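The values are calculated or read from the model by the stated rules, or taken from the named source; none is laboratory data. Everything quoted here is computed from the prediction, not taken from an experiment. Because the Cβ atoms are built from the backbone with ideal geometry, glycine has one as well, and the counts that use them run over all protein chains shown. Remember, those area values only see protein heavy atoms, side chains included, never the ligands or the DNA or RNA. Shrake-Rupley method; radii C 1.70, N 1.55, O 1.52, S 1.80 Å.
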Amino acid sequence: MAAPTMDRSTTAAPATPVQTLTISKALNMGLRAAMEANPKVIMMGEDIGKLGGVFRITDGLQKDFGEQRVLDTPLAESGIIGTAVGLAIRGYRPVCEIQFDGFIFPGFDQIVSQVAKLHYRTQGKIKLPMVIRVPFGGGIGAVEHHSESPESYFAHTAGLKVVSCSNPSDAYWMIQQAIDCDDPVLFFEPKRRYYEKGEVDTTAQPGPLFKSRVLRTGTDATLVAYGPMVRTALDAATAAAEDGTSLEVIDLRTLSPLDLAPVFESVRRTGRLVVVSEAPSESSIASEIAAKVQQECFYSLQAPVLRVTGFDTPYPPSKLEEEFLPDLDRVLHAVDRSLAW
């Protein structure tokens, strides 16, 4: 029997519904709310129990819910994902943590060969309601394999849902919605933004999970970003406003399926688009957005769609990552190029 979906009406709300939280704390609270609401929700990962995870996202959950629901696993991503597949088939809603983005590749075969295909292969008889949490992106001064942006691999894979939060409110609600989803969800968390703060209303009615959102309206050009680059895009819009340039900023939130309707609407008004992403530009989410906007908004465009991304190289040593990652200056330079076209 499939696990029941979460009824948030039974979730005990904190004494103060609107709180200022970091993304890490919001994720922790969202995971806790999901576990309280549904006993079929279990957590799996390396060091997520007693340690509370490398980034302390699962801090306190094993103490409160026990070792049967918050499991410290061996260092074997393929084993973590494969075990979660079996649990999901039996009606559980496993939430797997991949400790760092670059460690997901030992579990890649399980994800693309089993997780993504079982529902389709069984003609809908088997559902896989599981979430794979992935701290991703650079900017923390880490060593090799700790600063990857592998989201395009999974957005390309039919059968997977892929989302990324960029602020505490979305972190709190999106993780619960991802756990509610009957499809497997890759949940990318911007690790260098974990400790940025924002308001979270735990009694609010959240918007749909697989929808993008306009964060700032503007008239001169559109900026589209997701995950860690949303803050950079917002900062660029603030800086541009000081020079009299009005930029619209859209947070994608969902990478598969892409919700580009707000992007099309925006570009038809502004005539210009700059897509910002940490991942390399070749065969990427950024290039897919550029292609679809060119297809749907060709007669509205006043300049080519421009991309500001990581470079098409392996992620560099930490001393060079500031040169690799898109920053305020690179985004504003792209805006200037677009406006000058």
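Sort through V112, V85, V54 and tell me the only one that's assigned to a helix (DSSP H, G or I), open to solvent by 10 Å² or more (accessible area, probe 1.4 Å), within 21 Å of E189 (Cα to Cα) and of a type in the set (A, V, I, L, M). Sole residue among the options that is assigned to a helix (DSSP H, G or I), open to solvent by 10 Å² or more (accessible area, probe 1.4 Å), within 21 Å of E189 (Cα to Cα) and of a type in the set (A, V, I, L, M): V112. Scanning the stretch 12-49 for residues that are β-branched (V, I, T), at pLDDT 95 or above, closer than 22 Å to Q205 by Cβ and open to solvent by 10 Å² or more (accessible area, probe 1.4 Å) gives a single hit, T20.
Looking across the stretch 272-294, the residues that are touching a residue at least 24 places away in the same chain (Cβ under 8 Å), surrounded by 18 or more Cβ atoms within 10 Å (Cβ to Cβ) and not hydroxyl-bearing (S, T, Y) come down to R272, L273, V274, V275, V276, E278, A279, P280, I285, E288, I289, V293. Selection of first residues in the stretch 295-323 that are farther than 18 Å from A225 by Cα and not assigned by TED's automatic domain parsing to the domain that holds G141 and of second residues that are of a type in the set (F, W, Y) and surrounded by 18 or more Cβ atoms within 10 Å (Cβ to Cβ), restricted to Cβ pairs under 6 Å at least 6 apart or on distinct chains, gives the following pairs, ordered by first then second residue: P316/F324.
Would you call G91 part of a loop (DSSP other than H, G, I, E, B), in contact (Cβ under 8 Å) with a residue 40 or more places away in the chain, in the same structural domain as D183 (by TED's automatic domain parsing) and under 18 Å from D182 (Cα atoms)? Steps first, answer last, please.
On the way: part of a loop (DSSP other than H, G, I, E, B): yes; in contact (Cβ under 8 Å) with a residue 40 or more places away in the chain: yes; in the same structural domain as D183 (by TED's automatic domain parsing): yes; under 18 Å from D182 (Cα atoms): yes.
Taking the combined requirement at face value, the residue satisfies it.
Listed by position, the helices (runs of 4 or more DSSP H) inside the stretch 251-324 whose residues that are within 26 Å of K161 (Cα to Cα) number at least 2 are 261-270, 285-296.
All of D235, D220 fail the test of being under 30 Å from T16 (Cβ atoms), touching a residue at least 60 places away in the same chain (Cβ under 8 Å) and either surrounded by fewer than 17 Cβ atoms within 10 Å (Cβ to Cβ) or not small (G, A, S) (or both), apart from D235. Checking each residue in the stretch 125-138 for being part of a loop (DSSP other than H, G, I, E, B) and more than 17 Å from R93 (Cα to Cα) picks out G137, G138. When the criteria are applied in full, P262 meets the requirement of being over 17 Å from the mean Cα position of the chain (by Cα) and either open to solvent by 10 Å² or more (accessible area, probe 1.4 Å) or not assigned by TED's automatic domain parsing to the domain that holds L332 (or both).
From the list T309, T245, the one residue that fits, being open to solvent by 20 Å² or more (accessible area, probe 1.4 Å), at pLDDT 95 or above, under 24 Å from D336 (Cβ atoms) and among the polar types (S, T, N, Q), is T245.
Just one of the listed residues (S283, S266) is farther than 27 Å from P184 by Cα and hydroxyl-bearing (S, T, Y), namely S266.
I'm trying to understand the selection: among the residues of the stretch 38-51, which are closer than 20 Å to I89 by Cα and either not in a strand (DSSP E or B) or not assigned by TED's automatic domain parsing to the domain that holds E196 (or both)? Break it down into steps so the answer makes sense when it comes.
Step one: of the stretch 38-51, the residues closer than 20 Å to I89 by Cα are 38-45.
Within the stretch 38-51, N38, P39, K40 qualify.
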